[in-house]
1. Rounded to the nearest 0.05, what FRET efficiency do Ser36 and Asn60 give with R0 = 22 Å and r taken as the Cβ-Cβ distance? Could you check?
2. Between Lys12 and Arg27, with labels modelled 7 Å along Cα→Cβ, what's the label distance in nm to one decimal, could you check?
Amino acid sequence: MVEATRKANEEKLLTIGDVEERLSLSRSSVYKLLDSGRLRSVKLGSHKTSPRRIYDADLNAYIESLFPAE
C-alpha cells in the first residue's frame, strides 16, 4: 500500500500556482525555470496557450538538485 501511495504521488500533476507556493517564487520565476529546462513540465493540449502542469516527482527532483550531495 505504501508503494501504491508513493506511485500516486509521483504521478500527481501540479499547477503553476502549486509550484509557486511550494517554491515561494513568483509566477514569472516559475515560468523562467520551465523555459530554461531546469524544471520539466507537460502541456495539456497542443495550443500555444495550453496550460502546463508539473509532475510532483519532477518538482521534487528539482528541489533535490538545489542541495548537492556532500
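The numbers here are math on the coordinates, done by the rules we state, and not lab data. Here the structure is a predicted model, which is why all the values come from computation and not from measurement. In this analysis, Cβ positions are derived from the backbone assuming ideal geometry, glycine residues included, and neighbour counts consider all displayed protein chains.
1. 0.75
2. A separation of 2.3 nm, rounded to one decimal place.
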